[in-house]
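See below for the structure under consideration.
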Amino acid sequence: MPNPPITNFVSESAPYATTCDRCGKTFDARVTEALVGDDHRWDLDAHCPHCDLAWCECAIEPATAGMRNAILAANGFTVLKVEKGSVTTASVMRAVRIACFLSLSEARSVADELVTSGRAGSLVEVEVLARLLRASGAVVSTWRRGEQGSE
Ligand SMILES: [Zn+2]
């Protein structure tokens, strides 16, 4: 498989507590959430410091809530905002439903959030949604929470 171009790749990593299958001790492995092309994936790289066992779990499906929390704790939130009037609410809702698998009413409230305060998530979550929104013609901006004003 050819490597995707670097601009098509975003990822965040974090320490993630894991139990070793061989010695049973707990240590911090490394969890990575990545968007590779259109593939939103989760990988775990583990190397037990107690018994030296190393393993890798690729394309974990679905990621646990703990994995997502670890990514957010280590990297913080990224905020995505849609410029009001740059695209119809229906288009925003369509993108939200594709990216987040939400019901119509949930998508509506997320769409509202996107044009008002902005929606926060992991870098990869935000990028998935941002790409769909840009494809529908929306003007979007993203920033790290805490790095731009206090809106
Ligand atoms: Zn071990």
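What the table shows:
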read-out	value
Listed residues V139, L53, A70: farthest to the positive end of the dipole of the chain (Cβ charges)	V139
Helix-derived mean residue ellipticity, 222 nm - over the chain, DSSP H n ≥ 4, -39500 (n - 2.57), to 500	-10000 deg cm²/dmol
Test item: Cα-centred dipole of segment 17-92, Lys/Arg +1 and Asp/Glu -1 on Cβ, debye	320 debye
Magnitude of the charge dipole, the chain, Cβ model with Lys/Arg +1 and Asp/Glu -1, debye to 20	440 debye
Projected label distance in nm at W55 and D38, using a 7 Å step from Cα toward the beta-carbon	3.2 nm
Simple spin-label estimate for T26 and A74 in nanometres, 7 Å along Cα-Cβ	1.7 nm
Normalised contact order of the chain, rounded percent, pairs of Cα under 8 Å and 6 or more residues apart	22 percent
Length released on extending from E106 to K84, taking residue separation times 0.36 nm less the Cα-Cα span	6.0 nm
Estimated dipole of segment 78-144 in Debye, rounded to 20 [Cβ of Lys and Arg +1, of Asp and Glu -1, Cα centre]	120 debye
Per-residue ³J(HN,Hα) for segment 56-64, Karplus 6.51 cos²θ - 1.76 cosθ + 1.60, θ = phi - 60°, Hz, x for Gly and Pro	9, 10, 10, 6, 5, 9, x, 5, 7
Segment 78-144: C-alpha gyration tensor shape, a/c 1.5 cut-off, then a/b vs b/c	rounded
Order of F9, F77, F101 under a 10 Å beta carbon neighbour criterion, fewest first	F101, F9, F77
Gain upon complete extension [F9, R144; 0.36 nm per residue less C-alpha separation]	46.8 nm
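Every read-out reported here was derived from the displayed coordinates using simple, explicitly stated rules and does not represent laboratory data. Computed from a prediction, not measured in an experiment: that's the story for all the values here. Here the Cβ is made from the backbone with ideal geometry for all residues, glycine too, and neighbour counts use every protein chain on show.
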